[in-house]
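A.B. asks: Sharing a structure with you now.
The values are calculated or read from the model by the stated rules, or taken from the named source; none is laboratory data. A quick note: this is a predicted structure, and the numbers were derived from the prediction, not measured. FYI the Cβ positions are ideal-geometry reconstructions off the backbone, even for glycines, and counts take in every protein chain you see.
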Amino acid sequence: MRPILLKIHLYAGLLCASYLILFGVSSLNFNHHFGQHAALKAERQRGLRALPAIADDQLLAEALRDTLGLVGWTLPWETARSETADSLYFQFGVSRPGKEYIIRVQSPKEVVPVADNDTLPPSRKFAPVPALAEPDHRIIVEQTYTGLWSVIGALHGFSGHMPRAGFLLRAWSIYTELCVWVVLFSIISGTYLWTAKTSERLVGFILLGAGAGGGLLLMLYIWLWG
Amino acid sequence: MLYQLIRRVHLYAAFFLLSFVLMYFVSGYVMIHENLLENRDPQKKTRNLALKYKGEKTAAAYAAYLEQTFGLEGKRQPPQKREDGSWRFAYFRPGTSYEAVISAAGDSVRITESRENLRRTLVGFHRMHGYGGGLLYDIWAVCHDLASAALILFTLSGIYLWYNLTSRHLLGWLLLLLSFGLTAATIGYLLTLP
């Protein structure tokens, strides 16, 4: 039993090695903020012939995100509409580990065609009226690259449930689940393996009492009395 | 000799920090599985009280007075002076938080107490970090640092122990390659995704 448990403890630990290091480093960063976040911006534009016919702002934002091929969560608090004399504007935000986007969609308002020929200037009185072109929607995507440390911080406990997430992120969610169970198993198996070492029992019990027991008391105290 | 020393460091560090490591992984599991426990809005109680305070009108003086007079317990958050002249003080601890808003005139305070359910209490334990906010919470931050460093220590000492304990290393190298490869690929993917 012990040799098998030791092997599982060893090899399962090796499988989770990078995850534990990432956990440890990101946790230290949460406390000490030694990782610098970047804020590099870039902008690109494209046009769309037609927008999805969706009335709900959140659903429209998600549809446009998918049309633009972006990955991440839409941000309800960044979603807004406005208008000027000749244009309608729709803005929304998308966020994911490593990048944030603000997308602005500019749509022309409906153009009213001129129907009365008498209002045309004399030089154009007999010129044919050109067909109106289908409105073009101009989309500006402003992206902010947030850097390596934001990715490291986000992967800390990242469940992988992100819209349009690829295979790697789904694999990461499975890896997260696995590592949690490996750590819990390692605590139990490590304690069991320790019981075989009679020379270390006293030290082990002292550390469990003082450290683990003290930690538990600290948590209880904070929870009950703060 | 070195092997035994590193094995003892690996073992004793785990025992000493067992409660924190266990708490972070259990609460973390609850956080990533959002439907595991019920997620409810906090129960709030608000009191509007007269403030008989004659001291200095500074953030530190107000905070000390509020804690003594109204028994507001928890990690002190940075106070906020609002545009209307009022002061907002917040105290947080897992399961319970307080918000105290002193009016611009300084003659009244509105205290809101929020009580969280189990899930949010666990999340509160997990997310409580940073120094400042009182001695108790600085001790907590030290324990947070130790638990974080311990994860790195367990990994590095564990790799050393595996290498010296086993004669055949192929499986171990493959597992390490898989582990670091997946992490590096995921980070690279997120950094390069358009």
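A.B. asks: Quick one: residue B:96 ticks every box in (1) crowded, with 19+ Cβ neighbours inside 10 Å; (2) farther than 21 Å from residue B:71 by Cα; (3) among the polar types (S, T, N, Q) except a single one, so which number is it?
C.D. replies: For residue B:96, the failing item is (2).
A.B. asks: Here's a follow-up. I'd like the residue in the stretch B:76-93 that is of a type in the set (A, V, I, L, M, F, W, C) and under 23 Å from residue B:128 (Cβ atoms) and, out of all such residues, is surrounded by the fewest Cβ atoms within 10 Å (Cβ to Cβ).
C.D. replies: Start the filter on the stretch B:76-93 by keeping residues that are of a type in the set (A, V, I, L, M, F, W, C), which leaves B:87, B:89-90, B:92.
Still in the list and also under 23 Å from residue B:128 (Cβ atoms): B:89-90, B:92.
Details: B:89: 22, B:90: 18, B:92: 21.
This residue is B:90.
A.B. asks: I need the full set of residues from the stretch A:2-31 which are more than 18 Å from residue B:160 (Cβ to Cβ), more than 8 Å from chain B (Cβ to nearest Cβ) and either free of Cβ contacts under 8 Å to residues at least 12 places away in the same chain or hydrophobic (A, V, I, L, M, F, W, C) (or both), in order please.
C.D. replies: Correct list: A:3, A:4, A:5, A:8.
To keep it simple, each residue is scored yes or no on (1) at the interface with another protein chain (Cβ under 7 Å from one of its Cβ atoms); (2) assigned to a helix (DSSP H, G or I); (3) closer than 22 Å to residue B:10 by Cβ.
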position	(1), (2), (3)
B:105	no, no, no
B:138	no, yes, no
B:157	no, yes, yes
B:175	yes, yes, yes
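A.B. asks: Can I ask one more? What is the one condition in (1) over 30 Å from residue A:26 (Cα atoms); (2) at pLDDT 90 or above; (3) not basic (Lys, Arg) that residue A:75 does not satisfy?
C.D. replies: (1)
A.B. asks: Take residue B:73 and decide whether it is closer than 22 Å to residue A:221 by Cβ, under 22 Å from the mean Cα position of the chain (by Cα) and surrounded by fewer than 21 Cβ atoms within 10 Å (Cβ to Cβ). Even if it seems obvious, please write down each step before you answer.
C.D. replies: Details: closer than 22 Å to residue A:221 by Cβ: yes; under 22 Å from the mean Cα position of the chain (by Cα): yes; surrounded by fewer than 21 Cβ atoms within 10 Å (Cβ to Cβ): yes.
Here the answer is yes, as residue B:73 does meet what is asked.
A.B. asks: Identify, from the list B:151, B:161, B:171, B:182, the residue that is at the interface with chain A (Cβ under 9 Å from one of its Cβ atoms), surrounded by 15 or more Cβ atoms within 10 Å (Cβ to Cβ) and free of Cβ contacts under 8 Å to residues at least 12 places away in the same chain. Show your work before the answer.
C.D. replies: On the way: B:151 fails: free of Cβ contacts under 8 Å to residues at least 12 places away in the same chain; B:161 fails: free of Cβ contacts under 8 Å to residues at least 12 places away in the same chain; B:171 fails: surrounded by 15 or more Cβ atoms within 10 Å (Cβ to Cβ).
Going through B:151, B:161, B:171, B:182 in turn, just one is at the interface with chain A (Cβ under 9 Å from one of its Cβ atoms), surrounded by 15 or more Cβ atoms within 10 Å (Cβ to Cβ) and free of Cβ contacts under 8 Å to residues at least 12 places away in the same chain: B:182.
A.B. asks: Also, I was wondering about something else. Take the residues in the stretch A:148-167 that are touching a Leu at 6+ places or on another chain (Cβ under 8 Å), of a type in the set (A, V, I, L, M, F, W, C) and farther than 17 Å from residue A:75 by Cβ, then tell me which one is nearest to the other protein chains (Cβ to nearest Cβ).
C.D. replies: Top of the filtered list is A:151.
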